[in-house]
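Novice: Sending over a structure as structure tokens; questions will come in a sec.
The values are calculated or read from the model by the stated rules, or taken from the named source; none is laboratory data. These numbers come from a predicted model, not from an experiment. Ideal geometry is used to build each Cβ from the backbone, glycine not excepted, and the neighbour counts take in all protein chains shown. Each accessible area value is taken on the protein alone, full model and side chains, heavy atoms only, with ligands, DNA and RNA left out. Shrake-Rupley method; radii C 1.70, N 1.55, O 1.52, S 1.80 Å.
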Amino acid sequence: MRYDTFLSVEKPARYMGNETGSVVKGAVDIRFVLAFPDVYEVGMSHLGFQILYGILNGLDWLAAERAYAPWPDREDAMRAAGERLATLETRTTLAEADIIGFTLQYELSCTNILNMLELSGIPLQASERGDGYPLVLGGGPCAGNPEPLADFFDVFLFGDGEEAVVEIARACREWKRGGGGKAELLDRLAGIEGVYVPSHFSVSYRDDGTIEAVVPLRAGRDCVRRRVAADLESLPYPTEPVVPFLKTVHDRVSMEIARGCTRGCRFCQAGYIYRPVRERTPGTILDTIDTVLKNTGYEEVSLLSLSSADYGCITGLLRTLMERYASERVAVSFPSLRVGSLTRDLVDEVARVRKTGFTLAPEAGSERLRAVINKGITEEDLIRNAGDAYQAGWRLIKLYFMIGLPTETWEDVAGIAELSAKVRRSARGTGHGGEVNVSVGSFVPKPHTPFQWEPQIGLDEILEKQRFLRAELKKRKLAFKWHDARLSFLEGVFARGDRRLSRVLLKARELGCRFDGWGEHHDFQKWRTAFEETGISPEFYLRRRSYDEILPWSHLDSGVTTGFFREEAEKARSGLPTADCRGGTCCACGVCDFSTIRMVTHRPTPSVGEAEKDEGTIRTSSPEHPAGAGQADRIRLRFSKTGVMSLLSHLELIHLFTRTVRRAGIPIRYSLGFHPHPKFSFATALSVGVESWAEYLDMEISAGFGAMRVMESLNRALPAGMEVLEAREIPLKSASLSVILEATRYRVTLPEGLVPDLLARAEGFLRLDSFLHHRVKKGKSMELDLRKELRSLHASSDTLEMVVGRGKPLEFAAAVTGLPEESLRTARIEKLEVLFREIPDNMSAKGCTGD
């Protein structure tokens, strides 16, 4: 594939592939595409994607590859060129795969799914796809009600995927070998626990729009039970995850310490569809983190769970992580912290290395409303936890609330502002400021929760409450962020929608909708048009449902009984609590069979560094050369950046080296300050798309490691297309690379025959006394005399070789040929040599010619 096709897009690294941890296989029985219907940075942050990628690629007969929704600039280029959507690993088009597995994380990614199928040349409707097309599979939290997407998918997986995805792949392999039709494959798959085949159920509707019946078309398969992985400890976990070149949404080691939550917040879908609680042992967690840090070079570990502070051994685990990695400047974070579960010890431990974000989620502004939703926290708990955070050194706390919760009054809404102000006041006397950011979302009733029958407030009411809060928080000088009311409106429609909404999705896609969760690409008017032209009222799906109404997801069994949900809904009206199962009292939700499926928790370790045998060995360690301690050496490197690696931007290159240095075990030294950075610096920023054999980097490391060891260690860790060519120790106080850089030699190879009289044009340019070039950068115009910056120029056939001071090689090529820069984008540009004002001691300033 020609990588220069990526030069016209905003972030080529989204489409490069070749990341550390990516797996490329040749001929296999099954090619399984994991498709994420959002941009690369979002998809690469999703842990479930990484877990399945590792598990599937562990099968020697299967290749798991990745595809993400192309950003609109890339999509436009693909459509213009007639290019099909393909995987990052082998550039296999999705239509050539055996299975395409979409993750269903968010209701507003539906149009991206249709767009990805469209870009792959695959018919959107499942009924129109014959045996020659891939199996289209969906899984993730939205598989709890996939009905709006039912017409587009062959199968869905409801529940945990680690074991089921292998069973699905194996069934496809056996079917493929047998040569049967797709109907036979669907029958096979329907026998796997957790697999839902929508074509095996027929749905009819009453005149009032409600569902009349959901009729199973296969005997004995009246409903689909959610798949539960009973033993989290035995499941594979990705210890060599794919490490992206560019910064992603969650750019860190993600360690799932537990799955499930029994706190019983009545609005929280995840709290019910991931039951029961299953914890990993501290020993397994520590060993996994240790391995992943070594394989990735990350500087932060996030302990993931729906309520991480509730993990049975959290204090001992966190203290051990701090002791093990504090000297290596590895921070530990939580996605959010549950008010009431935090202790001062936990807060102090998290603050020891680097203060990551501190987010608390009270959800509601009054004690009464928190009782309705069974949040189980008090205002006193919140103020105490916030005060501890400020005392430990945090300057900013983020608070998350919702508006539109059942039984909410204006007094409850006003309570959000009042409570937030009290949190800020808890910082008094700490000496650490006291900033508060208030983030407010809109409540969306979700399937498989006690509030699945509740109405969602309308667009106008959301906007009115947002305006009220904006004014109230402004009075108190508190920062306010809110979720777009239009997005919440659509999320509510599709969260509890039925199969008729497929018509709306098709129309919306036809009108150009995609990336609907992104404000800059969302077009609410197009959605209004889609609903109007299909004759479907979106407000119908936001209404209150009656207990005896057949819900679109009634044939999908989450394990929690409908009776339990009804009891919880009634208790909510009275503000009555339901206790957490962790306390020892079973709430009889129906998930556990107390044989295979049951709650698995672990008790705290006896003391720091002493773990019980079944919890693994907790140890502490320090690096061989503690970074930042003792004497330092300065190492100067010359490295190459060729092939697809030329597409990395300068910021992405810094990001790559930050990870690689840690992965290679090099004792890099760090700057001082609140956010320490590794001490290395580059000579210049290379333009995207330019290959180079003469990139220079200075780094400061702990004394005694050695330049040759640095080079060898980096070359073992760098991706293909990058190689350290020279390494040399230089005096610690040597002048920086940018100061001593004099000029650069480039070679520009033009498309064959593009400029037949290239030699004459080069000679003509050399005869000029001056050639002024205007460049606009960040809105500012600057003038550069390219002729005066040109030190030498040689032309032959289709090649220009030049030595220049300031200026980009493409600018010089355009000036010499008389062609616009845009027409030269396909030229190959190579950086061959850097000339310095003073030659680095015992190190040639001349790079490899690349010949």
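Novice: How many angstrom lie between the Cα centre of segment 114-137 and the Cα centre of segment 205-279?
Specialist: Segment 114-137 and segment 205-279 have Cα centres separated by 25 Å.
Novice: Another question, if that's okay. Convert 37 °C to kelvin, take the viscosity as 0.692 mPa s, use the Kirkwood radius over C-alpha pairs of segment 112-218 as Rh, and evaluate the Stokes-Einstein diffusion coefficient in µm²/s, rounded to a whole number.
Specialist: Translational D for this selection: 221 µm²/s.
Novice: Ranking request for peptides 219-231, 35-47: highest mean number of other beta-carbon atoms within 10 Å first, then the rest in descending order.
Specialist: Output ranking for 219-231, 35-47: 35-47, 219-231.
Novice: How large is the charge dipole for segment 713-790, taken about the Cα centre, if only the Cβ atoms of Lys, Arg (+1) and Asp, Glu (-1) carry charge, to the nearest 20 debye?
Specialist: It comes to approximately 360 debye.
Novice: Counting Lys and Arg as +1 and Asp and Glu as -1, each charge on the Cβ, what is the dipole of the chain about the Cα centre in debye, to the nearest 20?
Specialist: Dipole size: approximately 1920 debye.
Novice: Another question, if that's okay. Roughly how many percent of the accessible protein surface of segment 20-132 is carbon and sulfur, given a 1.4 Å probe and a whole-percent answer?
Specialist: 50
Novice: Assuming a ≥ b ≥ c are the square roots of the Cα gyration tensor eigenvalues, decide whether segment 1-63 counts as rounded (a/c under 1.5), prolate (otherwise, with a/b larger than b/c) or oblate.
Specialist: Verdict is oblate for segment 1-63.
Novice: Here's something else I'd like to know. If you take the beta carbon distance between Ala735 and Ala760 as r and set R0 to 41 Å, what does 1/(1 + (r/R0)^6) give as a FRET efficiency, to the nearest 0.05?
Specialist: With a Förster radius of 41 Å, E is 0.50.
Novice: Taking the Cα centre of the chain as the origin and placing charges on Cβ (Lys, Arg +1; Asp, Glu -1), which of Leu369, Asn385, Thr288 is farthest toward the positive end of the dipole?
Specialist: Towards the positive end, the residue furthest out is Asn385.
Novice: Follow-up. Heavy atoms of the protein only, probe of 1.4 Å, neighbouring chains included. What is the accessible area of Thr585 in Å², nearest 10?
Specialist: 90
Novice: Pull up the DSSP beta bridges for the chain and report the antiparallel fraction as a percent, rounded to 5.
Specialist: 55
Novice: Can you give the helix-only mean residue ellipticity at 222 nm for the chain, where every DSSP H stretch with n ≥ 4 adds -39500 (n - 2.57) and the sum goes over all residues, rounded to the nearest 500 deg cm²/dmol?
Specialist: -8500 deg cm²/dmol
Novice: Need the C-alpha centroid separation for segment 684-703 versus segment 152-169, integer Å.
Specialist: 45
Novice: Let's see if you can work this out: charge +1 on each Lys and Arg Cβ, -1 on each Asp and Glu Cβ, no other charges. What is the dipole magnitude of segment 1-149 about its Cα centre, in debye to the nearest 20?
Specialist: Charge dipole, segment 1-149, about its Cα centre: 220 debye, nearest 20.
Novice: Here's something else I'd like to know. Counting pairwise Cα distances across the chain, what percent come out greater than 43 angstrom?
Specialist: 38
Novice: Just to confirm, what accessible area per residue do you get for segment 445-602 at 1.4 Å probe, in whole Å²?
Specialist: 46
Novice: Let me ask you something else. How large is the accessible surface of Ser109 in square angstrom, using a 1.4 angstrom probe and rounding to the nearest 10?
Specialist: Its accessible surface works out to 10 Å², give or take rounding.
Novice: What's the local net charge at Arg225, with K and R +1, D and E -1, over the other residues with C-beta under 10 Å away?
Specialist: Computed value for this residue: 0.
Novice: For Glu184 paired with Tyr400, estimate the spin-label separation in nm (one decimal), with each label point 7 Å from Cα along the Cα-to-Cβ line.
Specialist: Each label point is offset 7 Å from its Cα along the Cβ direction, giving 4.8 nm.
Novice: Take the Cα pairs of segment 42-151, get the Kirkwood Rh, then feed it into Stokes-Einstein at 20 °C and 1.002 mPa s and tell me D in µm²/s.
Specialist: 144
Novice: State, to one decimal in nm, how far the label point of Arg603 lies from the label point of Glu570, with both points 7 Å from Cα in the Cβ direction.
Specialist: 3.8
Novice: Let me ask something else. Which of rounded, prolate or oblate describes segment 476-564 when judged by the alpha-carbon gyration tensor and an a/c cut-off of 1.5?
Specialist: Oblate shape, in that a/c is at least 1.5 and b/c is the bigger or equal ratio.
Novice: Here's something else I'd like to know. Based on the Cβ-Cβ distance from Val23 to Asp769, what FRET efficiency comes out when R0 is 56 Å, to the nearest 0.05?
Specialist: 0.45
Novice: Sticking with this one: With a 1.4 Å probe and all protein chains in place, put Trp518, Trp553 in order of accessible area, largest first.
Specialist: Greatest to least solvent exposure: Trp518, Trp553.
Novice: Rg to Rh ratio, segment 502-611, alpha-carbon atoms and Kirkwood radius?
Specialist: 1.17
Novice: Straight-line reach from Lys571: which aspartates and glutamates have a Cα under 16 Å away, not including same-chain ones fewer than 8 places off?
Specialist: Glu367, Glu408, Glu454, Asp580
Novice: When the Kirkwood radius is taken over all Cα pairs of segment 253-332, what Stokes-Einstein diffusion coefficient follows at 4 °C and 1.567 mPa s, in µm²/s?
Specialist: Result for D is 97 µm²/s.
Novice: Using +1 at the Cβ of each Lys and Arg and -1 at the Cβ of each Asp and Glu in the chain, identify which of Val710, Ser22, Phe358 lies farthest towards the dipole's positive end.
Specialist: Farthest along the dipole direction, towards plus: Phe358.
Novice: By accessible area of protein heavy atoms, probe 1.4 Å, what ranking do Trp394, Trp482, Trp693 get, highest first?
Specialist: Of Trp394, Trp482, Trp693, the descending order of accessible area is Trp482, Trp693, Trp394.
Novice: Could I ask something else about it? Taking the Cα centre of segment 101-211 as the origin and placing charges on Cβ (Lys, Arg +1; Asp, Glu -1), which of Ile113, Leu189, Gly138 is farthest toward the positive end of the dipole?
Specialist: Leu189
Novice: Considering only protein heavy atoms and a probe of 1.4 Å, how much of the accessible area of segment 458-548 is carbon and sulfur, as a whole percent?
Specialist: Percent of accessible area from carbon and sulfur atoms in segment 458-548: 50.
Novice: Roughly how compact is segment 198-335, stated as its Cα Rg over 2.2 N^0.38 Å to two decimals?
Specialist: 1.45
Novice: What does the accessible area per residue of segment 229-295 come to in Å², with a 1.4 Å probe and no ligands, DNA or RNA counted?
Specialist: Each residue of segment 229-295 exposes 29 Å² on average to a 1.4 Å probe.
Novice: If you take the beta carbon distance between Asp4 and Glu752 as r and set R0 to 22 Å, what does 1/(1 + (r/R0)^6) give as a FRET efficiency, to the nearest 0.05?
Specialist: 0.90
Novice: Follow-up question, since we're still on this one. Name the shape class, rounded, prolate or oblate, that the alpha-carbon gyration tensor gives for segment 696-828, where a ≥ b ≥ c are the square roots of its eigenvalues, rounded holds for a/c under 1.5, and otherwise prolate holds if a/b is larger than b/c and oblate otherwise.
Specialist: Since a/c reaches 1.5 and a/b is larger than b/c, the shape of segment 696-828 is classed as prolate.
Novice: So, in nm, how far is label Gln631 from label Asp348 when the simple model puts each one 7 Å beyond its Cα toward the Cβ?
Specialist: Computed distance between label sites Gln631 and Asp348 equals 3.8 nm.
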